[in-house]
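Asker: First the structure, then my questions, so here it is.
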Amino acid sequence: MRIRTIAGAAVCATAFALVPAGAATAADGPIGFEPIAGTAYDVAAADWTEPFVIPQGFTQQRVVDETQLDVYAGADDLTDMNTVNETGPQAGRFLYRTHEVGANGALSVVDLKTGEAKVLVQREDWRRLDGLRWTPWGTLLFAEETAGGRLFEAFLDPSDPTVVTRVEQRSEAGILRHEGIEALADGTVFVIDELNGGSIYKFEPTRRGDLSDGQLYALKLTGLSDAQQKWSSSTYDEKVGAFEWVALDTDQVVVDADAAANAVAATEFGRPEDVEVIGRTLYVANTSEDRVVAIDLASQQLSSFVEAGLNVPVEDAGAKVTGLNSPDNLAQGPDGRLWIVEDNYLSDVFAAGLDADGDGAADTVEHFASLRDTDAEISGIYFGKDPKTLFLNIQHPEKALADGTWTISKR
């Protein structure tokens with residue numbers, strides 16, 4: 001066990017899941033586990049049968065890859081985000097995926113019962129499709145992670161969720177570098193702008209389930225000057241505390257939501273990439289900050305929930321020290337915890353504990369899995385209807401035709 005001193009505190013390199021007295025242990029619950037020993041430094045390989053290092057008592061299984069559905073022949077499919085049809089008569093049967101390619105973007109669908117996979121919808125002008133979310137009103141939201149990125153809403157045939165009947169552009173929710181999307185039961189949609197200097201947004205529709213009209217807001221911390229709201233790699237830790245939602249110019253957001261946010265000096269973060277609401281808390285993964293912030297929607301307070309050097313070590317690949325590096329995608333676990341995957345090579349998966357002591361930070365952060373491929377990364381972490389199964393995508397591995405989707409399940 002290697003011990004490092006970070007920000008004045010001794011932090012364990014691998015066994016950093018400290019459980020408070022009286023708290024549930026890591027192995028409890030439907031997806032409970034004993035943390036793995038560390039990142040897959042010593043077993044990394046370009047070829048593999050099973051790509052993940054996982055805890056004892058779990059299995060991994062390929063759902064679909066390019067050998068079964070090759071959307072972009074001769075190039076990586078860049079499978080990115082996952083969701084299933086969370087509501088409706090066949091809820092949980094169909095897995096939807098975005099493909100983060102530069103042009104001719106596509107959504108694909110996999111029938112989890114039969115294994116059949118096909119392109120759901122595709123268009124030449126779609127670029128870098130990334131974010132994906134099933135809405136409580138039964139549609140799919142997906143978006144482009146690029147300058148001038150657009151948010152779209154796909155409507156499905158009620159009798160066949162593998163057929164798209166129409167797609168609508170939802171510019172009112174912002175033209176920006178979209179990635180993470182969250183949709184609440186009351187119709188509220190949260191989005192982010194994925195760049196160093198990107199903001200966090202809330203869209204409130206005029207009518208629930210109709211995203212063609214409404215108001216876009218940007219988060220602004222109230223304890224900082226306008227100059228301090230700007231992104232800086234040296235001051236991001238100061239971006240905590242009370243905040244407000246500031247209404248943005250509705251004519252400007254449909255052209256450039258970042259410019260609209262800048263006009264009101266909204267708070268800027270380091271590459272906010274994914275969002276997840278659990279209970280009354282909105283979590284946002286800020287990749288360049290190596291932290292996930294927790295945004296209490298009731299008390300309107302923002303805190304550092306998981307952060308390298310705070311409750312997870314700083315990763316040092318050269319010294320083979322496991323830690324947090326470039327958190328990217330987020331998921332709500334069946335245990336109510338926040339699950340996090342990294343946007344780096346030898347990507348790791350972590351599960352953050354609750355904040356029982358009320359200091360704004362997770363009391364525990366446990367290491368669940370690690371990807372073995374040195375040139376690949378994990379994306380699209382997601383729990384569907386089965387609380388014992390986690391979906392993960394693999395992007396651009398060295399192994400041929402291996403872009404695809406896997407599950408890790410508890411036996």
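Asker: Say whether the condition of being open to solvent by less than 20 Å² (accessible area, probe 1.4 Å) and among the aromatic types (Phe, Trp, Tyr) is met by at least one residue in region 72-90.
Answerer: There is no residue in region 72-90 that is open to solvent by less than 20 Å² (accessible area, probe 1.4 Å) and among the aromatic types (Phe, Trp, Tyr).
Asker: Name every residue in region 195-209 that is of a type in the set (D, E, K, R) and either crowded, with 24+ Cβ neighbours inside 10 Å or in contact with a Phe, Trp or Tyr (Cβ under 9 Å, 6 or more places away or on another chain) (or both), in order of residue number.
Answerer: Of everything in region 195-209, those that are of a type in the set (D, E, K, R) and either crowded, with 24+ Cβ neighbours inside 10 Å or in contact with a Phe, Trp or Tyr (Cβ under 9 Å, 6 or more places away or on another chain) (or both) turn out to be LYS202, GLU204, ARG208.
Asker: If you don't mind, there's one more thing I want to ask. Can you tell me which residue among LYS239, LYS220 is buried (at least 23 other Cβ atoms within 10 Å of the Cβ) and among the basic types (Lys, Arg)?
Answerer: Result: LYS239 is the single residue among LYS239, LYS220 that is buried (at least 23 other Cβ atoms within 10 Å of the Cβ) and among the basic types (Lys, Arg).
Asker: Could you tell me which of the residues ARG93, ARG62 is modelled with pLDDT of 95 or more, of a type outside the set (Ser, Thr, Tyr), open to solvent by 20 Å² or more (accessible area, probe 1.4 Å) and more than 23 Å from GLN332 (Cβ to Cβ)?
Answerer: ARG62
Asker: Further, regarding this structure: Going residue by residue through region 297-304, is there one that turns out to be surrounded by 18 or more Cβ atoms within 10 Å (Cβ to Cβ), in contact with a Ser or Thr (Cβ under 6 Å, 6 or more places away or on another chain) and either of a type outside the set (Phe, Trp, Tyr) or under 25 Å from GLY174 (Cα atoms) (or both)?
Answerer: No, because not a single residue in region 297-304 is surrounded by 18 or more Cβ atoms within 10 Å (Cβ to Cβ), in contact with a Ser or Thr (Cβ under 6 Å, 6 or more places away or on another chain) and either of a type outside the set (Phe, Trp, Tyr) or under 25 Å from GLY174 (Cα atoms) (or both).
Asker: May I ask you to list the residues in region 92-105 that are outside any loop (DSSP other than H, G, I, E, B) and more than 15 Å from ASP65 (Cα to Cα)?
Answerer: Within region 92-105, PHE94, GLY105 qualify.
Asker: Moving on. Limited to region 221-267, what total is found for residues that are under 25 Å from PHE305 (Cβ atoms), among the polar types (S, T, N, Q) and touching a residue at least 12 places away in the same chain (Cβ under 8 Å)?
Answerer: 4
Asker: Just for region 343-388: of the residues that are surrounded by 22 or more Cβ atoms within 10 Å (Cβ to Cβ) and of a type in the set (Asp, Glu), which one is farthest from ASP77 (Cα to Cα)?
Answerer: Filtering region 343-388 for residues that are surrounded by 22 or more Cβ atoms within 10 Å (Cβ to Cβ) and of a type in the set (Asp, Glu), the one farthest from ASP77 (Cα to Cα) comes out as GLU366.
Asker: Can you name the residue in region 33-72 that is aliphatic (A, V, I, L, M) and not in a loop (DSSP other than H, G, I, E, B) and is also nearest to LYS118 (Cα to Cα) among such residues?
Answerer: The qualifying residue nearest to LYS118 (Cα to Cα) is VAL64.
Asker: Right, GLU172: assigned to a strand (DSSP E or B) and either within 24 Å of PHE94 (Cα to Cα) or open to solvent by 50 Å² or more (accessible area, probe 1.4 Å) (or both) or not?
Answerer: no
Asker: Of all residues being out of contact with any Ser or Thr (no Cβ under 7 Å at 6 or more places or on another chain) and of a type outside the set (Phe, Trp, Tyr) in region 185-194, which is most open to solvent (accessible area, probe 1.4 Å)? Just the residue, please.
Answerer: ASP186
Asker: Would you please list the contacts, defined by Cβ atoms under 6 Å and residues six or more apart or on different chains, that run from a residue in region 268-291 that is open to solvent by 20 Å² or more (accessible area, probe 1.4 Å) to a residue that is assigned to a strand (DSSP E or B) and aliphatic (A, V, I, L, M)?
Answerer: Sorted first by the residue in region 268-291, then by its partner, the pairs are THR281/ALA294; TYR283/VAL292; TYR283/ALA294; TYR283/LEU330; TYR283/LEU338; ASP290/ALA308; ASP290/LEU324.
Asker: From the list GLU153, GLU182, GLU144, which one is open to solvent by less than 20 Å² (accessible area, probe 1.4 Å), among the acidic types (Asp, Glu) and touching a residue at least 60 places away in the same chain (Cβ under 8 Å)?
Answerer: GLU182
Asker: How do the strands (runs of 3 or more DSSP E) wholly within region 195-301 filter down when requiring 1 or more residues that are within 20 Å of THR135 (Cβ to Cβ) and under 24 Å from the mean Cα position of the chain (by Cα): which remain?
Answerer: By residue number, 200-207, 210-221, 272-278, 281-286.
The values are calculated or read from the model by the stated rules, or taken from the named source; none is laboratory data. Just so it is clear, the structure is predicted and the values come from calculations on it, not from any experiment. When we count neighbours, we look across all protein chains shown, and the Cβ atoms used for this are built from the backbone with ideal geometry, even at glycine. Quick note on the areas: whole protein, heavy atoms, side chains included, nothing else; ligands and nucleic acids left out. Shrake-Rupley method; radii C 1.70, N 1.55, O 1.52, S 1.80 Å.
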